[in-house]
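Please read the structure below before turning to the comments.
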Amino acid sequence: MSMTLEDRVAALEREMAEFRKLSLHGVDVLPKDEWMKTFGWAKADRHFEEALRLGAEWRARENADKGNAGS
């Protein structure tokens, strides 16, 4: 069943009211694909690569200490 223009506007108004409520409570509501703007930000960044390496080492140590190596 197709919605009338009035129904569509009413639905959009309800949705906007929910966004406004979230915004008033300090919740950031980003556009659906906003995360894609950050994709690749660390490409060829030596500090990021080092953080990844150190994280992998730490996880390997933690797993070995707990007897969970390889899980």
query = Short version: ³J(HN,Hα) in whole Hz for each residue of the stretch 4-9, in order, from phi by Karplus 6.51 cos²θ - 1.76 cosθ + 1.60 (θ = phi - 60°), x for Gly and Pro, what are they?
reply = 6, 4, 5, 5, 5, 5
ask   = Taking the structure as given and computing semi-axes √(5λ) of the Cα gyration tensor in Å, which label from (i) 42, 10, 9; (ii) 46, 18, 14; (iii) 22, 18, 10 fits?
value = (ii)
remark   = With the charge dipole of the chain built from beta-carbon charges (+1 for Lys and Arg, -1 for Asp and Glu) about the Cα centre, the Cα from A51, N63, T4 projecting farthest to the positive end belongs to N63
ask   = If r is the Cβ-Cβ distance from L52 to L24 and R0 is 35 Å, what FRET efficiency results, to the nearest 0.05?
value = 0.40
Dipole magnitude of the chain, debye to nearest 20 (Cβ charges: Lys/Arg +1, Asp/Glu -1, about Cα centre) = 220 debye
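Throughout, read-outs are computed from the coordinates displayed, never taken from laboratory work. Just so it is clear, the model here is predicted, and its values are computed rather than measured. Every residue, glycine among them, receives a Cβ derived from its backbone with ideal geometry; neighbour counts consider all protein chains shown.
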